[in-house]
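First up is the structure itself, then whatever we jot down about it.
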Amino acid sequence: MEKLATEIREMLEDQGMDVVGIAPAADWPSPQPECRPPAILKDCQRVIVFGKEIPAPIYQAELHALDLYAMTSHNFYHQLDAAAIAAAGRLTRAGYPSIPIGGYQPVLMREGDYWGVVSLKHAAVRAGLGTMGKNTLLINERFGNRLRLGGVLTTAALPAGRPLAKSLCYENCTKCVRNCPVQALDGKGGINQHKCLKNCAVHPALSLSFISRWFRHSKRVNRQVELFTRTMISTYTYSCCTCLTSCPSFKLGAGGSPGGKKDK
Ligand code: B12
């Protein structure tokens, strides 16, 4: 298994991944049973999670920063998904059925909230790739909170990492919470998805997806909004990433930003 794990890690790094980790799949405490790896892949043993850094200058461009950041994000999702598909294929051919998990799509809509098929930031924490910030984002020691994540579910019992002992989120820091323009963060690791989504993503049809808030208990409306999001809102641009750029960890490993914007 060590040899296979090394082979997959090298394969992902060759595809431009900056970090690679392996999380145990058992006892996955997602409140959504259908978002638990063993429920998705029979005999699932591990979640391989990997990430690519979006370099700091992209967020700090003098002009068009959020649009260039959105372009880079969507391009990264394609790269992350291609790497996940390739790694899952390699593992399956080695005799270990495995499946890719998309960096963004397919999203689920449940009770008016969006969910990923598997929460990749939680997988990354379980794999020891970092800890969760009060802004509910993964903080990595080398790339701060600038990683975008991809994943693979596998039946191969590869050697797994373990969560970091010490949090990388400064205990008494509340910059993300205070700087969030819509007070979407509760400072205890919780987020009001709706407040954030209304303020951070831009798409001409996005407001239609908010119908699900009024009919959050209607399975039919949730399903329609989910399909709408998967087909009509597969790409969008950003209007906010303040919780990310105002976080002290944003500069971690960013190699300094000459003339970059000073955080508040
Ligand atoms: C839905 C979604 C959103 C929603 C909701 C955000 C959220 N916090 O969930 C909205 C549209 C608001 C959003 C915004 C953004 N997003 Co987003 N998003 C997703 C997506 C598609 C699914 C996440 C999900 O399932 N959330 C629902 C649950 C899991 O999250 P939660 O409410 O925090 O969960 C709580 C509990 O339910 C429980 N829990 C739930 N599942 C599990 C599992 C385990 C194992 C445990 C222990 C606990 C647990 O713990 C949490 C705290 O109580 C993921 C991709 C993916 N598949 O993971 C990207 C993702 C999380 N987003 C990402 C990013 C970068 C952003 C933005 C920064 C984009 C921007 N505007 O610049 C903002 C940041 C807002 C913020 N501070 O979170 C990245 C984060 C990377 C990182 N470094 O952490 C991801 C991983 C995409 C990627 N492939 O890289 N996003």
Exercise. Relative contact order (percent) for region 61-198, with alpha-carbon contacts under 8 angstrom and 6 or more residues of separation?
Worked result: 23 percent
For this session: Would you please state which residues of region 1-26 a label at Ala82 would reach in this model, taking the label point 7 Å out along Cα→Cβ and a backbone N cut-off of under 18 Å?
Result: 10-19
Exercise. Where the only charges are on Cβ atoms (+1 Lys, Arg; -1 Asp, Glu), what is the dipole of region 78-175 about its Cα centre, to the nearest 20 debye?
Worked result: 260 debye
Seminar exercise, completed: Largest fluctuation, Pro57, Pro31, Pro106 only, Gaussian network model of the chain with Cα springs under 10 angstrom, belongs to Pro31
Seminar exercise, completed: Ordering 125-136, 172-183 by per-residue average of other C-beta atoms within 10 angstrom, highest first, gives 125-136, 172-183
Problem set entry | Average accessible area per residue (Å²) across the chain - probe 1.4 Å, nucleic acids and ligands excluded | 50 Å²
For this session: Restricting attention to the chain, give the cysteines that have no other cysteine Cβ less than 4.7 angstrom from their Cβ.
Result: Cys35, Cys44, Cys169, Cys173, Cys180, Cys196, Cys241, Cys247
Exercise. When the accessible area of region 1-256 is split by element with a 1.4 Å probe, what percent falls to carbon and sulfur?
Worked result: 58 percent
For this session: Report the residue, chosen from Lys219, Lys121, Lys52, that carries the largest GNM mean-square fluctuation when the chain is represented by alpha-carbon nodes joined by springs under 10 Å.
Result: Lys219
Problem set entry | Förster radius 41 Å - calculated FRET efficiency between Lys195 and Ala165, Cβ distance, rounded to 0.05 | 0.80
Problem set entry | Gyration tensor over alpha-carbon atoms, the chain, equivalent ellipsoid semi-axes in Å | 28, 24, 18
Seminar exercise, completed: Taking a ≥ b ≥ c as the square roots of the eigenvalues of the Cα gyration tensor, with a/c under 1.5 meaning rounded and otherwise prolate when a/b exceeds b/c and oblate if not, region 110-246 is oblate
Problem set entry | Extension gain (nm, one decimal) between Arg216 and Glu2, 0.36 nm per residue minus Cα-Cα | 72.5 nm
Exercise. Among Pro29, Pro55, Pro100, which one moves the most in a GNM of the chain with springs linking Cα atoms closer than 10 Å?
Worked result: Pro29
Problem set entry | Distance violations [Cα-Cα > 30 Å] among Lys42/Lys251; Lys3/Lys52; Lys3/Lys121; Lys52/Lys175; Lys3/Lys188 | Lys42/Lys251; Lys3/Lys188
Problem set entry | Separation of alpha-carbon centers, region 81-113 and region 179-243, rounded to whole Å | 23 Å
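The values are calculated or read from the model by the stated rules, or taken from the named source; none is laboratory data. Quantities reported herein were computed from a predicted structural model and do not represent experimental measurements. We place every Cβ from the backbone using ideal geometry, glycine too, and count neighbours over all the protein chains shown. These accessible areas exclude ligands, DNA and RNA; they are computed on the full protein's heavy atoms, side chains included. Shrake-Rupley method; radii C 1.70, N 1.55, O 1.52, S 1.80 Å.
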